[in-house]
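A short write-up of the structure that comes next.
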There are 2 protein chains.
Amino acid sequence: MERGRPPGPRLTVLAGGVGAARFLRGLVAARPDAEITVVGNTADDIEVWGLHISPDLDTVMYTLAGRADLERGWGLAGETWSALCAMEQLGGPGWFQLGDQDLATHLWRTERLRRGVPLSRVTAELAERLRLPVRLLPMTDQRVTTRIRTGDHRDLHIQEYFVRERCEPEIAQVHYAGVERARPGPGVLHAIEGADAVILAPSNPVMSLGPILALPGVRPAVRSAARAVAVTPIVAGAAIKGPAVAMLRAVGWEPTAEGVAAGYQDCATQFVLDERDRRLAPAITALGVQPWLTDTLMVDLPAARRLAETVLEAAGV
Amino acid sequence: MERGRPPGPRLTVLAGGVGAARFLRGLVAARPDAEITVVGNTADDIEVWGLHISPDLDTVMYTLAGRADLERGWGLAGETWSALCAMEQLGGPGWFQLGDQDLATHLWRTERLRRGVPLSRVTAELAERLRLPVRLLPMTDQRVTTRIRTGDHRDLHIQEYFVRERCEPEIAQVHYAGVERARPGPGVLHAIEGADAVILAPSNPVMSLGPILALPGVRPAVRSAARAVAVTPIVAGAAIKGPAVAMLRAVGWEPTAEGVAAGYQDCATQFVLDERDRRLAPAITALGVQPWLTDTLMVDLPAARRLAETVLEAAGV
């Protein structure tokens, strides 16, 4: 903090992957003075080739480090794929695509975890090395995994459903294995309770924010926070990206901005939805939630920054 | 074996890295009908980035699979280095250079080992996938490590001495940590005892073949083999490659073909040395060892094949 200048707002963002990462880029641009803490979803973490992969943490990390491949939507810019080709030649699994540069992150993380260092600490080390402009906290140091029970009675890891099977299986049930026994990671509850505003990023409510909010103590903490703003991941009845609509239906939420506002109404009093869904605003107001209208499609950094400005207005900071 | 055709000789080769790999390429070319078993040194295995690296096994594997970078002398042809660059950016160790394609082998091996599969089995699986024309056996499934005590009282892993410190430290002592408690790997003693000839490849006698011969039971097995032929790794008082001269001095062997023949005289009755060392032949004969003269410099595959032909002649097969 510079001398004589008041500190910026303390903002805590509950975050999934791509949508959250783009939003965070906009938020950092809109309020560079803010102290931003990101609570990242780890329920889609998976072991591949013996390595611990944290896809959502990495997406946030790479994006905020300016190293993400924004066009492909995941992984690093200028990535190469030699290890993957060689692994497939050895008959190893190739469905979860790990780039060569990306491997360094996973190797580094996995070795530290094997030495007994908790994920929260390893993540802080990586964030420091990548010079992130935010504090990045994994939601928990324990293992919590989003699993999909399919219509044909298979029990899939979320990445098997999402990547390997391209979201094709019918979803019968979604559950967060291990969540009842897990504790929020170090600093998570404190960051929520002490924030000037908590922001629920435009991430998949079931796959990304659901596991965070399901951790013991998190939902009550958000509820009692100074102010909580949710940003819709649904525009005109469709997910901006990914399988949110099918997943929302599976958990009994209406797959609209109104449905998401209703699902979050116990903890978020402010809801930012897209202008294209203007007609849903009165219904959201009727829920006791204050609607804020803006263009929520983050087609580029200026657009993400404009969305962040509306969110900051809704947050009153 | 084809019908009506006698099987080729059973040859068992004790092997280190590059020199052995080149020799083996020549041997396969010279006697494609031979049943070749390679007993590979694993005492320079090392853990890097949490991965189990077996440099000598891999050099043999990659060379015999036709995938080695023969010009660089190690690693794979067409290799890329993205993971290494990214690892160095994260502040990870970069002194042991792992290429991106190479990583697939190490990831694959490490995951199998972590699942409790012994190195011998993992090596057989890799050899099968790479369609090796030989059977490749790690010398042991236990951990044996060549360590260098330096003149300034440091205790270095052989790779730290060899790669990280470029063979610069003065060597006070060489020892094979763990060798007294280790057992030869499955099939190793049987392959030596049942061979028509055992061949000690032109590898570093201290760093590469020393650990194999130091395993309980191996030296007596070679001694009682039908015939054993050693190939010099020293030409005109200099190592063809690597730090053999300094290491031989450290263990009290004279760093010449004669010195190596003397060191092996208890187990190898035949010794192939370079024509440039013709003057040493009488001294070798005086040791009770039969000398065979040829050009031992394997500048290309035909040269390696010619060396192998002399070795086969010395082996009487």
If you take every DSSP beta bridge whose two residues both sit in the protein assembly as shown, what share of them, in percent to the nearest 5, is antiparallel?
-> 40
Compute the label-point distances linking A:GLY252 to its equivalents in the other copies; points lie 7 Å from Cα along Cα→Cβ; give nm, one decimal, shortest first.
-> 8.2
List every residue whose amide H lies under 5 Å from the amide H of A:ALA230, counting only residues 5 or more places away in sequence or on a different chain, with H placed 1.01 Å from N in the peptide plane.
-> A:LEU200, A:GLN270, A:PHE271, A:VAL272
Which residue is it, in chain B, that holds its beta carbon closest to the axis of the B-onto-A rotation, and how many whole angstrom away?
-> B:ASP100, 2
Can you give me the relative contact order of the stretch A:15-315 as a percent, contacts being Cα pairs under 8 Å and 6 or more apart?
-> 19
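Over all directions, how big on average is the projection of the convex hull of the alpha-carbon atoms in the protein assembly as shown, in square nanometres? Before the final figure, lay out the partial values.
Values: hull surface 135.0 nm².
Result: a mean projected hull area of 33.7 nm².
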Inter-copy label distances at B:PRO282 (7 Å, Cα→Cβ; nm, one decimal) = 11.6
Could you state the number of Å between the C-alpha centres of the stretch B:8-69 and the stretch A:246-317?
-> 62
Taking B:HIS190, A:HIS153 and counting other C-beta atoms within 10 Å, the order from fewest to most = A:HIS153, B:HIS190
Kirkwood Rh and Cα Rg combined as Rg/Rh, chain B | 0.95
In debye to the nearest 20, the charge dipole size for the protein assembly as shown, taken about the Cα centre with +1 at each Lys and Arg Cβ and -1 at each Asp and Glu Cβ, equals 720
Please give the average number of partner chain Cβ atoms lying within 10 Å of the Cβ of each residue in B:76-87, rounded to a whole number.
-> 5
One decimal, nm, nearest first: from A:CYS167 to the same residue in each other copy, label points 7 Å out along Cα→Cβ, the values are 5.8
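List B:SER208, B:SER54, A:SER120 from most exposed to least, where exposure is judged by having the fewest other Cβ atoms within 10 Å. Intermediate results must be reported in sequence, preceding the final value.
Working: B:SER208 30, B:SER54 23, A:SER120 19.
Least crowded to most crowded, the residues run A:SER120, B:SER54, B:SER208.
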In debye to the nearest 20, the charge dipole size for chain B, taken about the Cα centre with +1 at each Lys and Arg Cβ and -1 at each Asp and Glu Cβ, equals 700
Counting Lys and Arg as +1 and Asp and Glu as -1, what is the net charge of the other residues whose Cβ lies under 11 Å from the Cβ of A:ILE284?
-> 0
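Readers should treat all values here as calculations from the given coordinates under stated rules, not as data from a laboratory. This one's a predicted model, so the numbers in the text were calculated from it and none came from an experiment. Cβ atoms come from the backbone with ideal geometry, glycine included; neighbour counts cover every protein chain shown.
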